[in-house]
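The values are calculated or read from the model by the stated rules, or taken from the named source; none is laboratory data. Everything numeric here is computed off the predicted structure, so don't read it as measured data. When we count neighbours, we look across all protein chains shown, and the Cβ atoms used for this are built from the backbone with ideal geometry, even at glycine.
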Amino acid sequence: MGTSFIGLPIEVMLDLQLTLEESLQEQESYQEEVVVKEAGWFSKAITEMQPRTRTVTKKQNVIKTISTCFEFCPVPAGTFLMGSEKDGPVHQVTISHDFYIAKYPVTQTQWKAVMGSSPCKFNGADRPVEQVSWDDCQEFIKRLNATGKGIFRLPTEAEWEYACRAGSTGVFCFGDLENQLCDYAWYNANSDNQTQPVGKKKPNAWGIHDMHGNVWEWCQDWYDDYSAESVTDPQGPPFSNMPVRVFRGGCWRGVAGFAASAHRGGRGVSYRDGILGVRLAYQKITYT
């Protein structure tokens, strides 16, 4: 495993232009028919039009520049054993390239800065965004890449597990003891049945938080069985008969075993749930 890439976390600051609908109160002039002389026994009421004003609420589109920041941890190229007895077969995987992975899951603040609104069940600026589909994440990434500040993407399933393990070989990034999971993860034993703000639990050895628990995280790959053969930079199958995309990491509602480094889940690309969020991978643009 390489070491030159370790210890160089980065921040990527983005300015995004959003078209937002805002409510605006205005004074509006109008004419109102007013009775100036009441009707009598033998005469009709006399009326005239008089000017009036009233407050009205109008909608208008406003273009605003919103700034947001993403923090990324470096992940060095290397080789590891992917999978487990339950989620196998165990096989050797080589990640041939250095890359960055987000220090935290995407928060509601970050999502709203890019998409203009937050779809979440559990509201909180520093909580992870949830109820986002794989397709929603692709649109989110498309808007990030339009800024020209680098290449944002979902991690592959292999990259995700490699980054989660951070050199470890046990069930979790810290080892095999489930009674230590509360120090690293929000899951059904300690979450109070809801998401929690990111970064409140211990990170793994590469400084990455919330890889276990809080929300499941979409990966790029289609879901399929592994091969037992050694592979380099696997991208998953070209399609799936289900068709289902992979997510990883467990969630606030799940049992400890769902948060294992090797455990896998998956749903269709339009699936949304309060247990399901996203973490970004990132590569700088290099110019020659």
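Remarks
- Residue match in region 3-10 (condition: within 30 Å of F140 (Cα to Cα), within 33 Å of the chain's Cα centre (by Cα), small (G, A, S) and at pLDDT 90 or above): no
- Listed here are the strands (runs of 3 or more DSSP E) enclosed by region 208-288 that have at least 2 residues being of a type in the set (F, W, Y), touching a residue at least 24 places away in the same chain (Cβ under 8 Å) and within 17 Å of P155 (Cα to Cα): 216-222.
- Breaking point among (1) more than 18 Å from the chain's Cα centre (by Cα); (2) more than 15 Å from I101 (Cβ to Cβ), for N204: (2)
- All of (1) closer than 24 Å to W252 by Cα; (2) within 16 Å of the chain's Cα centre (by Cα); (3) not charged (D, E, K, R) hold for G83 with one exception: (2).
- A count restricted to region 139-168 and to residues that are polar (S, T, N, Q) and more than 19 Å from G249 (Cβ to Cβ) stands at 2.
- F72 vs. criteria outside any strand (DSSP E or B), within 19 Å of the chain's Cα centre (by Cα) and crowded, with 16+ Cβ neighbours inside 10 Å: no
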